[in-house]
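Quick notes on the structure that follows.
The values are calculated or read from the model by the stated rules, or taken from the named source; none is laboratory data. Model, not experiment: these values are computed from the prediction. Here the Cβ is made from the backbone with ideal geometry for all residues, glycine too, and neighbour counts use every protein chain on show. The protein model used for the area step is the full one, side chains on, heavy atoms only, and it has no ligands, DNA or RNA in it. Shrake-Rupley method; radii C 1.70, N 1.55, O 1.52, S 1.80 Å.
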Amino acid sequence: ADPYLEATLPMVLAPSAKPAPPVEGHLLYNYTLDKLQYRDASAWQTPAVNAIGAFHVIHFTGTLPAAATYFLSLGDTGNAGTVESNFLMFIVPVAGTLKYLYAIGTAPGGTDTLVFTVRVNGVATTITCTITGAAVAANDVTNSQAVVAGDKVTISCANSVAAQKFVAASVAIA
């Protein structure tokens, strides 16, 4: 039996001190760091997980009736507006990092574009992607933006096409 794991309902990890000698696979809750830790082959590791989970995806959608810049709506309502307003925003519940923007839309054709940009508190970030010509999807898996609880997140779409029946974009918060 492993003397370092005590299971009850709900499960409790005990002790809070690191066992000596440590064994790969041990789990403990580090009360000093306020984090769950596990032992790998060489050191104690803290999983990359924030207070609400590894990743949460924020999904935005919109119908773009003409060539202009629109702000996509949160969820699947299909409404988009030309004014960045509170009903189009996601309010960040915990500090984290926005990353992994993925967008889809009808192929704009030719040299026309759909440029998606993640915005925080009304300011464009470096998280952006562009659907051009015959493409129907784009992503940005390189850029990221730190956010804190209370920040307001929107996604804008600059549409150079006369109309887009439907576009969607998602960004992860980790």
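Between SER85 and ASP40, how high is the FRET efficiency from 1/(1 + (r/R0)^6) when r is the Cβ-Cβ distance and R₀ = 41 Å? Nearest 0.05.
Details: r = 47 Å, r/R0 = 1.15.
E(calc), rounded to 0.05, equals 0.30.
How big is the stretch 74-136 in terms of Cα radius of gyration and Dmax, in angstroms?
Rg, Dmax (Cα atoms, Å): 13.5, 42.
Checking a compactness column here: for the stretch 57-174, what do you get for Rg(Cα) / (2.2 N^0.38 Å), N being the number of residues?
Numbers: Rg = 13.1 Å, N = 118, 2.2 N^0.38 = 13.5 Å.
Taking N as the residue count of the stretch 57-174, the ratio is 0.97.
If I ignore ligands, DNA and RNA and count only protein heavy atoms, how much of TYR100 is accessible to a 1.4 Å probe, in Å² to the nearest 10?
Rounded to the nearest 10, the figure is 90 Å².
With a 1.4 Å probe and every protein chain left in place, work out the accessible area per residue of the stretch 82-168 in Å², rounded to a whole number.
Working: 4120 Å² over 87 residues.
About 47 Å² of surface per residue is accessible.
Work out, step by step, the length gained on full extension between VAL57 and ALA158: first 0.36 nm times the residue separation, then minus their alpha carbon distance; give nm to one decimal.
On the way: separation 101, 0.36 × 101 = 36.36 nm, distance 2.17 nm.
Gain on extension, VAL57 to ALA158, equals 34.2 nm.
Hey, can you rank 153-162, 138-147 by average C-beta count inside 10 Å, highest first? Spell out each step's value before the answer.
Working: 153-162: 20.8, 138-147: 16.6.
The most tightly packed comes first, giving 153-162, 138-147.
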